[in-house]
Amino acid sequence: MDAASWFFNGDPDNERTVGWWCPTRACPSISNSRGMCKSCIREHRASGLDRETFLDTHVPEERKYAPGRHQARCLVERDGRRCTHGKYCRRLCLTHYRAWCTSGSPEVEVWARTGPVPLTDTLPACAIARCEQERSGLKTLCSYHVAKHRRDAPNEPVEEWASRQTPFLRAHQFSLVPFQPVMRWEMLYALQQRDARGGKIDPTLVRMLSGLVGDRPHLLDADRSELMALAHTKTCAGASAHINEIYRVVHVGHEEMRGIKPTDKLVWHLPSIKAPSRKSKTGRARSTHGELDFTAITQPWLRDLTLEWARNIDPSLEVLRDTFRVAVLVVAAP
Ligand SMILES: [Zn+2]
Ligand SMILES: [Zn+2]
Ligand SMILES: [Zn+2]
């Protein structure tokens, strides 16, 4: 994670990142599921080869792994050296297009090989952080971002629009830039907590979340059921579980910051209280769900007593559950 640009570059070799190399030996694609990338699946079908042979021998054509990166070069060439700038108009770069116009617009193909000297410098990069692709013509953006701006927000000034944009993201990458400023920190905190408990980081899901809740100011004020309803509009497996966890983690973190412990409340969220456990390596239980609602002990003094005991003794999950059950039974007994 690069904190300065809110950019996460997952490592497909790390089993805790959801992202895998395409198994085709010569293919540099990374996809969000195991197995071949989409292009290889298509090309495998068309090839008629058996899977093993295909994986070993297939060499994919140059594809748009990052749009704009394989931008067509300017036509100008001299002694086998091609102009390094991207094409702008009439297959010439901006500089050479202007030169071509002032020399009276001769036949382009001939002029490009006989007239001008090829440029050798590289153009400045796109204004979007980490995009790193060359600028398109007179624009401050690369051709991918120029097209995206034209499509998504043609009336918004480029500088404003650019502050919320990410570079073209591949399967193993995400950026927190599309989230509102406070929400970026909330997401970062939640993802760090998830990583700390050994959970996987799924870039595809985070990218989906940015589309889903990216326009909200922050999570603390958001309505949980409304968020869950939003998550259910996505067919993506794990969306609701992810949103649920992020929402909870941010709230627990906020309460801890204000000095409220998860055990101060009447309803204990079991993953948050981290009860001691002899079975776990860390010595703390790693349950991922479940609640104990102490209001089920309707007798107030017994409820307070049970809560006091649980807070002071810090019992294991089994002992805590048994005691809770007994307390509920005692009250319910005639
Ligand atoms: Zn592939
Ligand atoms: Zn040129
Ligand atoms: Zn760009």
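The values are calculated or read from the model by the stated rules, or taken from the named source; none is laboratory data. Here the structure is a predicted model, which means the values were calculated and not measured. Positions of Cβ are backbone-derived with ideal geometry, glycine not excepted, and every protein chain shown enters the neighbour counts. Ligands, DNA and RNA are stripped out before the accessible areas are found, and what is left, the full protein with its side chains, is counted by its heavy atoms. Shrake-Rupley method; radii C 1.70, N 1.55, O 1.52, S 1.80 Å.
In percent, rounded to a whole number, the relative contact order of the chain is 12, using alpha-carbon pairs under 8 Å and six or more apart.
For the pair ARG113 and ARG278 in one chain, pulling the backbone fully straight at 0.36 nm per residue adds 51.7 nm over the alpha carbon distance. Coupling constants for segment 241-246 follow from the phi torsions by the Karplus curve (6.51 cos²θ - 1.76 cosθ + 1.60, θ = phi - 60°), and in residue order they are 4, 5, 4, 4, 5, 4 Hz; glycine and proline get x. Here the simple spin-label model places points 7 Å from the Cα toward Cβ, and for LYS200 and LEU49 these points are separated by 2.8 nm. With 0.36 nm allotted per residue and the present C-alpha distance subtracted, the GLU132-GLU256 stretch has 40.6 nm of extension available. A simple spin-label model places the labels of VAL59 and ASP223 5.9 nm from each other, with each point 7 Å out along Cα-to-Cβ. Once you divide the Cα radius of gyration of the chain by 2.2 N^0.38 Å, the number left is 1.43. Site pair ILE313 and ARG150 shows an inter-label distance of 7.1 nm when each label is modelled 7 Å from Cα along Cα→Cβ. Classify segment 173-257: rounded, prolate or oblate, from the alpha-carbon gyration tensor (a ≥ b ≥ c, eigenvalue square roots; a/c under 1.5 rounded; otherwise prolate if a/b is larger than b/c)? It is rounded, given that a/c, with a ≥ b ≥ c, falls under 1.5.
Accessible surface area normalised per residue over the chain is 59 Å², counting heavy atoms of protein chains with a 1.4 Å rolling probe. Of the peptides 48-57, 261-270, 21-30, the ranking by mean beta-carbon count within 10 Å, highest at the top, reads 21-30, 261-270, 48-57.
In this model, which of LYS200/LYS279; LYS87/LYS148; LYS148/LYS200 are farther than 29 Å apart at the alpha-carbon? Numbers along the way, then the final one.
Numbers: LYS200/LYS279 22 Å; LYS87/LYS148 19 Å; LYS148/LYS200 31 Å.
As for pairs spanning more than 29 Å Cα to Cα, those are LYS148/LYS200.
A straight chain from GLU291 to ARG16 at 0.36 nm per residue would run longer than the Cα-Cα distance by 96.3 nm.
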